[in-house]
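Every read-out reported here was derived from the displayed coordinates using simple, explicitly stated rules and does not represent laboratory data. Predicted model only: the values in this text are computed from it and were never measured. A quick note on method: Cβ atoms are made from the backbone with ideal geometry, for glycine too, and the neighbour counts reach across all protein chains shown.
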Amino acid sequence: MTLKTKKFDVRSKTATVILCVMMIATMSFVVVPIAGALVEGNVTTNPCPPGCWLINFEDGNDGAVILSPVPGLQFTTTMGYDWIYGDKRTGYYNVDPYGSRAYCCNGDFFAWLGIPGHQGRIDFTQGTASYFSVLTSTYSGVAIDAYDSEDNWIATSGWASYNIFNGTFTRLTVEAPGMAYIIIHDKGNLWLIDDIVTDAPDIIEATVDIDPDTLNLKGKGKWITCYIELSGDYDVADIDATTVLLNWDIPAVVDTQHGFTSNPESYLMDHDGDGILECMVKFDRTGLETLDSGGPVELTVVGLLNDGTPFRGTDTIRVISK
Ligand SMILES: [Ca+2]
Ligand SMILES: [Ca+2]
Ligand SMILES: [Ca+2]
């Protein structure tokens, strides 16, 4: 029973059985990692443990490629196939209460790989994950394998078997420290996923350089200067300065009477000379008068890009008072 109902032939059951037998034969020669393996049948929701967050795909458009609904998770094109949103309300799918009603999803949207996509990779771009869980509705069976940043296979969820026509999901979970990406597989057009829950870092890591390196609380300077560089492909020109805070409390100066807030040539620069632009912001140093002096102090800078994506970075300076 294929997932998508129109235009395409139904996959032959015989071929699927042969493929399964071939796979079982192959797997018996492979050492399968079992760290954190978990397969739970007949579930309807994916609980979100502390520190984790959920993607339910409900903000999608039917047929659109899933790019990145959040920072930190990248739905990677795999063997030429993209992750795609499906909207059951279109009636194109055998997803309850449409078509044959074989498959199910939570809400209206799910994720799949299109008719021919057998396996899909999801990368954790802002740091490794230790937990990744997903609900699947499947005819062919499906599994998650997890890999570290050096492509070592470090965990597998185990196999979710045929579970269609019963209105529930099988929940697959991999748990292992240092997961850089996961691959969900197996046969195209014969499974869908919904409700990803993971602890993958979902905030852009920023490199922050705060000057002065030594802050004299009794000095006469007016500003603390901060150079923010973003990881990945994020553009510092997209930083919304009105959202930038030092130590979650002190707002960046945005008054346009200061040239350094109004002219991009003044606030966008490659301060450390590594070829990547930084955004310079300044904070009123009177806001730091309550810091303890005499030792190193870690300062945190947070903010949002214009599209609401959060970033965070820290730097350590010395604080003196003399
Ligand atoms: Ca959904
Ligand atoms: Ca510095
Ligand atoms: Ca730079």
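Given the alpha-carbon gyration tensor of the range 204-320, what are the semi-axes of its equivalent ellipsoid in whole angstrom, ordered largest first, with each equal to the square root of 5 times an eigenvalue?
Working: eigenvalues 102, 47, 36 Å².
Three semi-axes, in Å: 23, 15, 13.
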- [ ] Could you work out, for the chain, what percent of all Cα-Cα pairs fall into each 10 Å distance bin, beginning at 0 Å and stopping at the bin that holds the largest distance?
- [x] 6, 23, 25, 18, 14, 10, 4, 1, 0
Task: From the C-alpha gyration tensor of the range 38-170, square roots of 5λ in Å - done: 23, 18, 15
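Based on the Cβ-Cβ distance from THR77 to TYR162, what FRET efficiency comes out when R0 is 30 Å, to the nearest 0.05? Each step should come with its number before you reach the end.
Numbers: r = 28 Å, r/R0 = 0.93.
After rounding, the FRET efficiency stands at 0.60.
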- [ ] Determine the percent antiparallel among the DSSP beta bridges restricted to the range 204-320, to the nearest 5.
- [x] 85 percent
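Sorted from fewest to most neighbouring beta carbons within 10 Å, what does the list GLU298, GLU40 look like?
Numbers: GLU298 9, GLU40 15.
Going from sparsest to densest Cβ surroundings: GLU298, GLU40.
Just for the chain, what percent of DSSP beta bridges are antiparallel, to the closest 5?
Working: 78 of 84 bridges.
If I count the DSSP bridges inside the chain, around 95 percent turn out antiparallel.
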Open item on the list: If I model a spin label as a point 7 Å beyond the Cα along the Cα-Cβ vector, how far apart are those points for ARG101 and THR44 in nm?
Closed with: 1.5 nm
TODO: Could you let me know the centre-to-centre spacing of the range 119-188 and the range 253-311, using Cα atoms, in angstrom?
DONE: 39 Å
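State to the nearest 20 debye the size of the charge dipole of the range 204-320 about its Cα centre, where the only charges are +1 on K and R beta carbons and -1 on D and E beta carbons.
On the way: 7 positive and 22 negative charges, 145 e Å.
Roughly 700 debye, rounded to the nearest 20.
Restricting everything to alpha-carbon atoms, can you work out Rg to Rh for the range 123-229 with a Kirkwood hydrodynamic radius?
Dividing the radius of gyration by the Kirkwood radius yields 1.30.
If you stretched the chain out fully between ASP151 and THR290, how much longer would it get, using 0.36 nm times the residue separation minus the C-alpha to C-alpha distance? Walk me through the numbers before you get to the answer.
Details: separation 139, 0.36 × 139 = 50.04 nm, distance 4.71 nm.
Using 0.36 nm per residue and subtracting the Cα-Cα distance, I get 45.3 nm.
Under the rule of -39500 (n - 2.57) per DSSP H run of 4 or more residues, summed and divided by the residues of the chain, what mean residue ellipticity at 222 nm is obtained, to the nearest 500 deg cm²/dmol? Spell out each step's value before the answer.
Working: 3 runs with 23 residues, N = 322.
Taking each H run of at least 4 residues, the total per residue is -2000 deg cm²/dmol.
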Task: Protection proxy ranking, peptides 243-254, 46-57, average beta carbon neighbours within 10 Å, highest first - done: 243-254, 46-57
Task: Of ALA143, ALA200, TRP53, farthest towards positive along the dipole that unit charges on Lys, Arg, Asp, Glu beta carbons give the chain - done: ALA143
Task: Charged-residue dipole, Cβ positions (Lys, Arg, Asp, Glu), the chain about Cα centre, Debye nearest 20 - done: 1280 debye
- [ ] Apply 1/(1 + (r/R0)^6) to the Cβ-Cβ distance of LEU67 and ASN306, taking R0 = 22 Å, and write down the FRET efficiency to the nearest 0.05.
- [x] 0.85
- [ ] Among ASN152, ASN216, TYR98, pick out the residue whose Cα is farthest towards the positive end of the charge dipole of the chain, where Lys and Arg carry +1 and Asp and Glu carry -1 on C-beta, about the Cα centre.
- [x] TYR98
Task: Rounded to 10°, Cα long-axis angle of helix 13-27 versus longest principal axis of the chain - done: 60 degrees
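Can you compute the charge dipole magnitude of the range 56-115 about its Cα centre, using +1 on each Lys and Arg Cβ and -1 on each Asp and Glu Cβ, nothing else charged? Give it in debye, rounded to the nearest 20.
Details: 3 positive and 7 negative charges, 32 e Å.
The dipole of the range 56-115 has a size of about 160 debye.
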